[in-house]
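Asker: Shown below is the structure under consideration.
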Amino acid sequence: MLAIQVKSKSMKVFIVYAHAEPRSFNGAMLQVAEDTLPEEGHTVVVSDLYGMRFNPISDRRNFTTVKDADYFKQQVEELNATVVGGFAPDIEAELRKMEECDLMIWQFPLWWFGLPGILKGWVDRVFAMGRTYGGDRFYENGVFKGKRAVLSLTTGGPEAAYKKGGWNGDIHAVLRPVERGILRFTGWDVLAPNIVYAPVRVTKDERSAALAAWASRLRAIGTEQPVEVGEY
Ligand SMILES: Cc1cc2nc3c(=O)[nH]c(=O)nc-3n(C[C@H](O)[C@H](O)[C@H](O)COP(=O)(O)OP(=O)(O)OC[C@H]3O[C@@H](n4cnc5c(N)ncnc54)[C@H](O)[C@@H]3O)c2cc1C
């Protein structure tokens, strides 16, 4: 009998990568995605935040326009920039990458139970009011409705430390501010996070297995269903 391989439809995948060392395990995870996704017919765009020397400081440099020259209020300037097309080129470029993608992947190490500063700064600057949320466009009616996003992260602590009642507490509670407060808030359907626990502490074979598992997951990610990130 003929084996029929069902491929998911081709997607535009946008990867936001936040690690300063190309030979890091996060760098290897990025490489796996860059190799695997095109093999499945998907196109990949990467924002390598350190490589781009992305400026994480949010201030008037986010804009080419000025609504109130006397008092800087970011969301007022964002609303104005949304109407008049006044985002600085570095912000506009990132906004378009999000707007044009079907799937967004964030590849990062967990830092202080959250995003590395450069990635948080990217969020602070790029997720602009008006353009990415606001009016009645939140959660299920959010601007990015119909698009999917997934966090792909590594930790220093082992899996046991990130269980409910464990040393650091439930990893899903740790990730909730990002998954709900940023992604779901702006309308993204959130896929289950891809977590590689403590790559530093495991054997090389276990790291290789984690990379292979990521490749295997990516091959079928087009047909994955979103998870419920939950209310508080
Ligand atoms: C400021 C800061 C805050 C932090 N906060 C937290 C926190 O809140 N919670 C927490 O759990 N941890 C925390 N950490 C730890 C951090 O999350 C981990 O160090 C990080 O996730 C490990 O990922 P990495 O890519 O940097 O690993 P690396 O140290 O770069 O890599 C791990 C190992 O994988 C190897 N490797 C690379 N490529 C491959 C390959 N292709 N195949 C096989 N092996 C490979 C590397 O050589 C290395 O031996 C923090 C760290 C910092 C600096």
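Asker: Counting pairs of alpha carbon atoms under 8 Å apart in space and at least six apart in sequence, what relative contact order in percent does segment 129-209 give?
Answerer: So the answer I get is 42 percent.
Asker: For segment 76-150, state what percent of all Cα-Cα pairs lands in each successive 5 Å bin, counting from 0 Å until the bin that includes the largest distance.
Answerer: 3, 14, 22, 25, 21, 12, 3, 0
Asker: Of GLY181, THR64, PHE127, which is farthest on the positive side of the dipole of the chain, counting Cα position, with +1 on Lys and Arg Cβ, -1 on Asp and Glu Cβ, and the Cα centre as origin?
Answerer: Final value for the positive-end residue is GLY181.
Asker: For a bin width of 5 Å, list the pair-distance distribution of segment 6-69 built from all Cα-Cα distances, rounded to whole %.
Answerer: Bin by bin from 0 Å, the calculated values are 4, 14, 19, 16, 14, 11, 10, 6, 5, 2, 0, 0.
Asker: Using the alpha-carbon atoms, what tilt in degrees (0 to 90, nearest 10) does helix 117-126 show relative to the longest principal axis of the chain?
Answerer: 50
Asker: Now for a separate question. In the Gaussian network model of the chain, springs joining C-alpha atoms below 10 Å, which of GLY41, GLY166, GLY114 carries the largest mean-square fluctuation?
Answerer: Checking each option, the largest mean-square fluctuation is seen for GLY166.
Asker: With +1 on each Lys and Arg Cβ and -1 on each Asp and Glu Cβ, and nothing else charged, work out how big the dipole of segment 67-193 is about its Cα centre, in Debye to the nearest 20.
Answerer: Computed charge dipole of segment 67-193: roughly 380 debye.
Asker: Under a 10 Å cutoff between Cα atoms, tell me which one of ALA69, ALA128, ALA192 has the largest fluctuation in the Gaussian network model of the chain.
Answerer: ALA69
Asker: Taking a cut-off of 20 Å between Cα atoms, list the lysines near LYS73, but don't count ones fewer than 8 places away on the same chain.
Answerer: LYS120
Asker: Please identify, among VAL16, VAL196, VAL46, the residue showing maximal mean-square fluctuation in a Gaussian network model of the chain using a 10 angstrom Cα cutoff.
Answerer: VAL46
Asker: Within the chain, what whole-number % of the accessible surface is contributed by carbon and sulfur, with the 1.4 Å probe and all protein chains included in the calculation? Spell out each step's value before the answer.
Answerer: On the way: 6720 of 12120 Å².
The nonpolar share, carbon plus sulfur, comes to 55 percent.
Asker: Taking only C-alpha pairs under 8 Å that are 6+ residues apart, what is the relative contact order of segment 7-83 in percent?
Answerer: 31
Asker: Of the options LEU79, MET11, ILE195, report the single residue whose Cα projects farthest towards the positive end of the charge dipole of the chain (beta-carbon charges: Lys, Arg +1; Asp, Glu -1).
Answerer: ILE195
Asker: Can you tell which of GLY146, HIS172, PRO38 lies farthest toward the positive end of the dipole of segment 37-175, using +1 and -1 charges on the Cβ of basic and acidic side chains (Lys, Arg; Asp, Glu)?
Answerer: HIS172
Asker: Tell me the accessible surface of ASP59 in square angstrom (1.4 angstrom probe, heavy atoms of protein chains only), to the nearest ten.
Answerer: Counting only protein heavy atoms, the figure is 40 Å².
Asker: Take every Cα pair under 8 Å in the chain that's 6+ residues apart, average their separations, divide by the length, and report that relative contact order as a whole percent.
Answerer: Relative contact order for the chain comes out at 22 percent.
Asker: Evaluate the Debye formula for segment 26-127 with equal point scatterers sitting on the alpha carbons, no solvent, and hand back log10 of I(q)/I(0) at q = 0.21, 0.22, 0.23, 0.25 Å⁻¹, in q order, two decimals.
Answerer: -1.14, -1.20, -1.26, -1.38
Asker: Continuing with the same structure: So what does the Cα-only Debye profile of segment 52-110 read at q = 0.13, 0.16, 0.22, 0.30 Å⁻¹, as log10 I(q)/I(0), no solvent term?
Answerer: Scattering profile of segment 52-110, log10 relative to I(0): -0.41, -0.60, -0.94, -1.26.
Asker: Can you spot the lysines whose alpha carbon is less than 28 Å from LYS9's alpha carbon? Ignore those fewer than 8 places along the same chain.
Answerer: LYS97, LYS145, LYS147
Asker: What are the radius of gyration and Dmax of the chain, computed over its Cα atoms and given in Å?
Answerer: Considering the chain through its Cα atoms, Rg and Dmax are 18.5, 74 Å.
Asker: Measure nothing but the geometry: give the 0 to 90° angle between the long axis through the Cα atoms of 25-39 and the longest principal axis through the Cα atoms of the chain, rounded to 10°.
Answerer: 90
Asker: Whole percent per 5 Å bin, from 0 to the bin with the longest distance: what is P(r) over all C-alpha pairs of segment 134-180?
Answerer: 5, 17, 20, 19, 12, 9, 12, 5, 1
Asker: Can you tell me the dipole magnitude for the chain around its Cα centre, using point charges on the Cβ only (Lys, Arg +1; Asp, Glu -1), in Debye to the nearest 20? Mind showing how you got there, number by number?
Answerer: Details: 28 positive and 29 negative charges, 43 e Å.
Using only the charged Cβ atoms, the result is roughly 200 debye.
Asker: Additional query: Angle between the Cα long axis of helix 74-84 and the longest principal axis of the chain, 0 to 90 degrees, nearest 10?
Answerer: The angle comes out near 80 degrees.
Asker: How large is the accessible surface per residue of the chain, computed with a 1.4 Å probe and reported in Å² as a whole number?
Answerer: 52
The values are calculated or read from the model by the stated rules, or taken from the named source; none is laboratory data. On a predicted model such as this, the values are computed, not experimentally measured, just so you know. Glycine gets a Cβ as well: all are built from the backbone with ideal geometry, and neighbour counts include every protein chain shown. SASA here: full protein model, heavy atoms, side chains in, ligands and nucleic acids out. Shrake-Rupley method; radii C 1.70, N 1.55, O 1.52, S 1.80 Å.
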